[in-house]
Amino acid sequence: MQAKLSVRNVYKIFGDTPAAALERLRQGESKAAILEASGATVGVQDASFEVGEGEIFVVMGLSGSGKSTLVRMLNGLIPPSSGEILIDGEDIASCSPQTLRRIRREKVAMIFQHFALFPHWTVVGNVAYGLKVKGMGAAERRARAMETLEQVGLAPWADSLPSDLSGGMQQRVGLARGLATGPQILLMDEPFGALDPLIRRQMQEELLILQKTLKKTIVFITHDLNEALLLGDRIAIMKDGQLVQTGTAQEIVTAPADDYVAAFVADIDRGRVFTAEDISGPPTAVQLHSDTPDQARRLMEDADSHALHVVDGERLVGLVTYKDLTAQSPDAMGRPGTLRQALITDFATTDGNAPLHTLYTDAGSGLPIAVTDGRKRLVGVVQPRDVLAQLSTETQAPTTEATDAQPR
Amino acid sequence: MLSPADLATLPFDDWVNAFVRGWLVPNFRPAFRAAQVPVTLVLNNLNAFLLFVPMLLTTAAFAAVAWRVVGSGMAIFTLVGFAFIDMIGLWPETMTTLAMILTSVIFCAVIGIPLGILSARSDRMWKVMRPVLDIMQTIPSFVYLVPIVMLFGVGMAPGIIATIIFALPPIVRLTNLGIRNVRSDLIEAAHAFGSTGWQMLWDVQIPLALRTIMAGLNQTLMLALSMVVITALIGAGGLGLVVNTGLGRLDVGGATAGGVGIVILAIVLDRITQGLAEKAKVGRVSLGRSLLGLLRFQGSGGSGSGAQIKKAG
Ligand SMILES: Nc1ncnc2c1ncn2[C@@H]1O[C@H](COP(=O)(O)OP(=O)(O)OP(=O)(O)O)[C@@H](O)[C@H]1O
Ligand SMILES: [Mg+2]
């Protein structure tokens, strides 16, 4: 993975004497003691991470944990007290103001929680702002802005004022404004935090759809764990200015680094975190033509299951149940029953990446679910009992502090 | 009773005399004289222009603007009021007063808006600026007429300079306030897109502060009007002179006529600028459009806009 953005040992200390406070912090003094002694607030403490090209990196934490401070350091809105922030190898923290401006104009765009749209310009004027700053001519930037508005489905509102739009639409304008300059990196500080839940879901899905074609490198801030799990390729959990754990959604849910993280993930919707792949077993199946019902029954007994998939060559054609096979009686001519006679062709399949919650209904039927690849070949089998077991698994770490560390 | 004066008396008046007469006047008189050149230039041209344009045309122009930005009632008032001024024979004096006020307001804007912007951008600048403005607003205007006469002499231009000093504070204050009050997330957004300081000022700060700046301009205009009579004392002409002459001769009729002229002019200018302010609803108007409106309006006679806070200190 090529790192687009790397953050190395970044600290931010608010106050008049950051250097002194930094020294105390490095010597292991607590933040409260530092605040007491020097009046300096520790915003971010020793943050390090890398974000790969095209990756969505989510930073999540409670209010006041330093998320906004962290993301604002990534484009130099807040200078770090110490540490390096490299975008394509260029250090934001130590570059000249000109370089910083160029990076902001060309590489990094920001999307804000409360939209921060300019109230005195129309929607298209807002979207064209970044282009205007770059010095593009009026006609050209309007054309470009219109293209971007098309992308977010707001072209008909181009000449409205932002205040005439709903919150969701305003944030889409914000997104379009960020995208218009063609940046490679998007910084999003709780972009959907001010939207109501329904719109929020919709925007999350739209973002994912856009991301499929855009492949931007995104740093996404949120305090909503479900949002983090849905969007994040990787997630960093932040607490009191420190990143306490960084990893994929599955890693964080299955192995929380400490009580704090465990409390966070205690009541998440596991059905959205885990995918069919995570719980699928080996792609055991019988061949329609060459295997006999007896062989199938033995396989099921071995695997302690009551149904088995049937393939014809490479093609998945259906499944047979233990019950049906046992009930088979020889036909009039005394020949034993065949697999074909017991074959159930109406069966559930799923994609390996499908989240578990999409499997609830199929699991309810009691039959195993076939995990197939792009060419409809069987690559795994999900047992219904595993779906339900995974959904109800307790996280390993204790959840004693769950109540005071709930995501808000 | 013991009083501090028994211990020592300070010849404060002598010190000031020594400073002004002995140092400031001899050393800087040429500089001060030169400073009035641009004022005189603008004033003379405006005055000549307003006196040259036929009364009916000026009245029509004012009535048209009043009708457009306020309504038909104000247009009728303008027509009747200006006709009345003409009939009592004070039209030329009124135009001279108008020219003086416009000149003062133009200079206040040219000096005050940049000062306000600088004050908004630097806390240190504002720390210096604030007491200066406080002093300018608290010193009675009579008090600085004397040094102004010593430095600039008497006449129209010194009168306008006194007016500028008196009317400057609101525009500086409100420009500063307007720019400081621009939402910080918008400033942050502009920074995040890589704006330069100028781009930020021109695209974001000034347009969003425009309404407040215009309120400042309106207050400045009203303060300038209030100086009309006082500056006539040091030789500025116009309606102020009519009032002063009337008072001097105990000619109640003459003084009243001049006073009525000032009141009519004040009402018309104030209402029109208020109307403009309402039109320029915050966030609804592009900077270019409002400035254009402003210029168009100034060209045809009036000035400023935005009377939220009518009375200044
Ligand atoms: N300019 C500042 N001066 C002093 N302290 C600050 C400043 N900005 C932020 N802080 C402090 O730094 C800490 C982190 O703030 P930050 O805004 O980054 O939190 P956050 O995680 O974004 O919270 P929220 O979810 O509420 O947005 C807080 O304790 C805050 O009080
Ligand atoms: Mg925040």
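For chain A, averaging the sequence separation of C-alpha pairs within contact (under 8 Å, six or more residues apart) and dividing by the residue count gives a relative contact order of 16 percent. For A:Val58, the residues whose modelled amide H falls within less than 5 Å of its own, excluding neighbours fewer than 5 places apart on the same chain, are A:Phe220, A:Asp233, A:Arg234, A:Ile235, A:Ala236. Each Lys and Arg Cβ is given +1 and each Asp and Glu Cβ -1; about its Cα centre, the stretch A:277-392 then shows a dipole of about 260 debye.
Residues with beta-carbon under 11 Å from that of A:Arg297, excluding A:Arg297: net charge, scoring Lys, Arg +1 and Asp, Glu -1? Write down the numbers at each step before the final one.
On the way: positive: A:Arg298, A:Lys323; negative: A:Asp291, A:Asp294, A:Glu301, A:Asp302, A:Asp324.
Taking every Cβ under 11 Å from that of A:Arg297, the sum is -3.
Among B:Pro140, B:Asn176, B:Met150, flag the residue with its Cα farthest along the positive direction of the charge dipole of chain B, charges on Cβ as +1 for Lys/Arg and -1 for Asp/Glu. The residue sitting farthest along the positive end of the dipole is B:Asn176. Simple point charges give the picture: +1 on the Cβ of Lys and Arg, -1 on the Cβ of Asp and Glu, and for chain B a dipole about the Cα centre of about 740 debye. Close amide H pairs (under 5 Å, H built 1.01 Å from N) link A:Gly52 with A:Lys4, residues at least 5 positions away or on another chain. Structure remark: mean-square fluctuation, Gaussian network model of chain B, C-alpha springs under 10 Å; the largest value among B:Phe107, B:Phe28, B:Phe12 belongs to B:Phe12.
Please give the net charge around A:Leu208, taking every other residue with its beta carbon less than 14 angstrom from that of A:Leu208, where Lys and Arg add +1 and Asp and Glu add -1.
Details: positive: A:Arg200, A:Arg201, A:Lys212, A:Lys215, A:Lys216, A:Arg272; negative: A:Glu55, A:Glu205, A:Glu206, A:Glu227, A:Asp233.
It works out to a net charge of +1.
When the protein assembly as shown is described by a simple charge dipole with +1 on each Lys and Arg Cβ and -1 on each Asp and Glu Cβ, the residue from A:Gly15, A:His306, B:Asn45 located farthest towards its positive end is B:Asn45.
Just checking the listed ones, B:Asn45, B:Asn218, B:Asn176: in the Gaussian network model of chain B with Cα springs under 10 Å, the one fluctuating most is B:Asn45. Ranking A:Leu195, A:Leu325, A:Ala249 by Cα position along the charge dipole of chain A, where only Lys, Arg, Asp and Glu carry charges on their C-beta atoms, puts A:Leu195 farthest toward the positive end. Kindly identify chain B as rounded, prolate or oblate by the Cα gyration tensor criterion: order the square roots of the eigenvalues as a ≥ b ≥ c, call it rounded if a/c is under 1.5, otherwise compare a/b with b/c, prolate if a/b is larger, else oblate. Cα axes put chain B in the oblate bin. Taking A:Gly39, A:Gly76, A:Gly182 as the candidate residues, the one with maximal mean-square fluctuation in a Gaussian network model of chain A, Cα springs under 10 Å, is A:Gly39. Put the Cα centre of the stretch B:1-46 next to the Cα centre of the stretch A:264-338 and the gap is 105 Å.
How much of the DSSP bridge set in the stretch A:277-392 is antiparallel, in percent, rounded to the nearest 5?
Values: 13 of 19 bridges.
Beta bridges within the stretch A:277-392, antiparallel portion: roughly 70 percent.
The dipole here belongs to chain A: it is taken about the Cα centre, uses +1 on the Cβ of Lys and Arg and -1 on the Cβ of Asp and Glu, and is about 1500 debye. Averaging the sequence gap over all C-alpha pairs within less than 8 Å and six or more residues apart, then dividing by the number of residues, gives the stretch A:277-392 a relative contact order of 29 percent. The order of A:Asp164, A:Asp324, A:Asp88, going from fewest to most other C-beta atoms within 10 Å of their C-beta, is A:Asp164, A:Asp88, A:Asp324. Taking label points 7 Å from Cα along the Cα-to-Cβ direction, A:Arg375 and B:Arg183 give a separation of 5.5 nm. Across the stretch B:167-199, the residues whose backbone nitrogen lies under 11 Å from the label position 7 Å along the beta-carbon direction of B:Met125 are B:176.
May I ask for the net charge around B:Met150, where only other residues with Cβ less than 14 Å from the Cβ of B:Met150 are counted and Lys, Arg are +1 while Asp, Glu are -1?
On the way: positive: B:Arg21, B:Arg29, B:Arg33; negative: none.
Overall, the nearby charge balance is +3.
Read-outs: derived from the displayed coordinates by stated rules, not from any lab. Just so it is clear, the model here is predicted, and its values are computed rather than measured. In this analysis, Cβ positions are derived from the backbone assuming ideal geometry, glycine residues included, and neighbour counts consider all displayed protein chains.
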